[in-house]
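These notes concern the structure reproduced below.
None of the figures in this text is laboratory data; all of them are computed from the coordinates on show. Computed from a predicted structure; not experimentally measured. Glycine also receives a Cβ, built like all others from the backbone with ideal geometry; neighbour counts cover every protein chain displayed.
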């Protein structure tokens, strides 16, 4: 027992004294806080907002547009159109000249057969297909107004009802589809869990395979049993990972709570306190599974490089929820999402995504946690079996087949 | 000189004639295909084909016109009329319809409507209902006008000097600069990884000690860097051939590829930017490889160089929307972010010539500086183990003991 403690203490001290570790653990929350602070300032203080728009917005442009209309389609302008918004030119040469002189930002050419083809040619000094689509809405609106003989209401009804009253019959308040947070909140949670579990597990891999590579393991084996070593490493690095989860999820929750006041975030975007408890549970169990698998890899591989090549097989199930993240967020309670969040190997990430998206019945996370706990127990036992002096000290090459055979206790 | 060629050839062949390289080579065209497929699949899945209900008190929808079918991959949503709001609500609660609209009697004068749902319907279903409304609203208009308004316009954007032209319907042509940029960046990222690996590995297993007995450090480094660039160019050429073939063959069969031109001007610009960018990165990686003592550490440090290269990729939306904003212009001049930013900007605006020249000039200068740095770091660090080379030593004056 005492030796487990020594191993654990050593792992903790080496990691916590590394600046790069603190950089990672504090860097992300710090970045998030800075981004939040800027956004919050921009939201309340107009001068900050102006600086930001000037930095990221296009430089001020001429707002006047020209048009050439040989078919004589545009006869009247809707009420309230600024007088110099649209300038008519008799032919393309005159418009091109005005463009070259900088009088207009661009000009529209309406071919004579426009009504048949629908083609409008827009020539501009600043060629930008994306921005042109947005800018052309005004011109298209004026054109539509003219095609409908100046019936403004009819012309606007062509885009759909002027005003739609939305009535929701849902029993609980729902997140709005349009709010970007509806998507990005579960997305962020998924990312955090993926990164945290993976990085904590890879720490174990590199710690084992490095010691194997530089033969410190041979010396360690003289005084520590393989299982004590494994236990010490898993617990030590687990504490480190837990610290990271605490920092990241904690910052996230504080920022969300602060956002409630600054950005008027509706209550549906607040994560309940139980979320924090679940995140600890699923991190610890997910970590136990993946870290032990990684430790097993480290035990078998002769060096870090060969271990990294096989890693992909182990972390594959962890990546699957990342590929299906859209499904998890769009339909958090659909069949596919439920299966992913109950299947032990994908559960740590998938269940957290669903919990962040909301509306998960309580029995599901409980069941997922129980299943995951059983898996963790089995995996830890299997890997402990692999952690024998014989495998730890051998230098045989590694591939996925050998790894799975060893995991099943057949090697 | 012959030794330089030997190093170059060794570096090139040991990566290119390997199964792993072949995989990497084929994976990019494959990934692009998967990406396009995913986009189609996602748009297709966006459409919920549960019927949309409506209760029409105004009588507009009794004209019996139907809207033109939506363009694939969007799937048509069936529309279902209800006599009363109660009937519609019952159907909604039973899950037979995804939502229903109520069109009041005075719709054509007030323009107001009501949408009732349990879960807010997606855009596709709403858009298709509006299309149906529009088709029936236009029933009284002359057929030619009605048809034009229902079908909508096609805006063709043309540059003032008529050098570039694209229709807004050719979304694929709009995406071309993005693909070009990403391919170049992936090529840079993968090849510089090779170089870092080569240097650190040879240092780690002490091959370096034997090599310097017969090759001068300059020859060794130049050979490695050029070999690395050759690998990158091989990748690029193969990928370009794949894409060009894909476009040429696909043009006959796939509608969305028809407007795609192979952008010669953009390719020339990309080449002009990428050669110095390649050299800069390779040199930085060689410098990192020479200063660190083990492969893992090298990867961490090289991440610091790769990060700024990917920043424009994360800000792609900003670059597309406002390619001339001060921050984007600054990014297209700053050497580390310049390659990708400039290629993207060129696709979405007419970049002033001075900016292109300044950008390539700065990039080339940085590349030269990086080469000098790599040479220094290489000479000082290639035989040093256990202790990391400090940057202070690299920059110290030649001959001065740090």
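Just a few scattered comments:
- Simple label model, 7 Å out from Cα along Cβ direction - residue A:335 to residue A:94, nm: 6.7 nm
- Translational diffusion coefficient (Stokes-Einstein; Kirkwood radius from C-alpha pairs) of the stretch A:1-118 at 4 °C, 1.567 mPa s, in µm²/s: 62 µm²/s
- Diffusion constant of chain A at 25 °C, which comes from Stokes-Einstein with the Kirkwood Cα-pair radius and 0.890 mPa s, µm²/s: 93 µm²/s
- Label point distance in nm, residue A:14-residue A:117, each placed 7 Å from Cα along Cα→Cβ: 7.2 nm
- GNM result for chain A, Cα springs below 10 Å: residue of A:23, A:269, A:193 fluctuating most strongly: A:23
- Ascending count of other beta-carbon atoms within 10 Å, so fewest first, for B:176, B:285, B:42, B:211: B:42, B:211, B:176, B:285
- Angle in degrees between helix A:180-213 and the longest Cα principal axis of chain A, rounded to the nearest 10: 30 degrees
- Antiparallel bridges, percent of DSSP beta bridges restricted to the protein assembly as shown (to nearest 5): 30 percent
- Kirkwood Rh and Cα Rg combined as Rg over Rh, evaluated for the stretch A:110-253: 1.38
- Applying 1/(1 + (r/R0)^6) with r as the Cβ-Cβ distance of residue B:90 and residue B:241 and R0 = 60 angstrom yields a FRET efficiency of 0.50.
- Nearest-ten-degree value, helix B:19-46 long axis tilted from longest Cα axis of chain B: 20 degrees
- Sorted on the mean count of surrounding Cβ atoms within 10 Å across their residues, most packed first, peptides B:20-32, A:312-324 read A:312-324, B:20-32.
- As a length-normalised measure over Cα pairs under 8 Å and 6 or more apart, the relative contact order of chain A settles at 18 percent.
- Cα gyration tensor of the protein assembly as shown - equivalent ellipsoid semi-axes, whole Å, descending: 54, 38, 23
- For a label point 7 Å along the Cα-to-beta-carbon line of residue A:242, residues of the stretch A:267-285 with backbone N under 15 Å: A:277-285
- Peptide A:140-149 has a mean shielding of 3, counted as Cβ atoms of other protein chains within 10 Å of each residue's Cβ.
- CD proxy at 222 nm, helix term only [per DSSP H run n ≥ 4: -39500 (n - 2.57); per residue of chain A; nearest 500]: -22000 deg cm²/dmol
- Highest mean first, the peptides B:373-381, A:64-72 sorted by other C-beta atoms within 10 Å per residue fall in the order B:373-381, A:64-72.
- Legend: mean number of C-beta atoms from other chains within 10 angstrom of residue C-beta atoms, peptide A:152-165, equals 6.
- At full extension, residue A:87 and residue A:371 could sit 95.2 nm farther apart than now, given 0.36 nm per residue minus the alpha carbon distance.
- Among beta bridges that DSSP assigns inside chain A, antiparallel share in %, nearest 5: 35 percent
- Over the stretch A:61-220, relative contact order from alpha-carbon pairs under 8 Å, at least 6 apart, %: 19 percent
- Using a Förster distance of 51 Å, the FRET efficiency for residue B:27-residue B:110 (Cβ separation, nearest 0.05): 0.35
- Beta-bridge orientation, chain B: approximately 50 percent antiparallel, per DSSP, counting only bridges with both partners inside.
- Ordering of A:102-113, B:307-318 by burial proxy (mean other Cβ atoms within 10 Å per residue, highest first): A:102-113, B:307-318
- Taking chain B and dividing mean pair separation by its residue count, relative contact order in percent (alpha carbons under 8 Å, at least six apart): 17 percent
- Kirkwood estimate for the stretch B:46-162, i.e. one over the average of 1/r between Cα atoms, Å: 15.6 Å
- Across peptide B:346-352, the mean count of Cβ atoms from other chains lying within 10 Å of each residue's own Cβ comes to 4.
- Chain B, helix-only ellipticity at 222 nm - DSSP H runs n ≥ 4, -39,500 (n - 2.57), divided by all residues, nearest 500: -21500 deg cm²/dmol
- At 1.306 mPa s and 10 °C, Stokes diffusion of chain B via Kirkwood alpha-carbon radius, µm² per second: 62 µm²/s
- Degrees between helix B:264-291 axis and first principal axis of chain B (Cα, 0 to 90, nearest 10): 50 degrees
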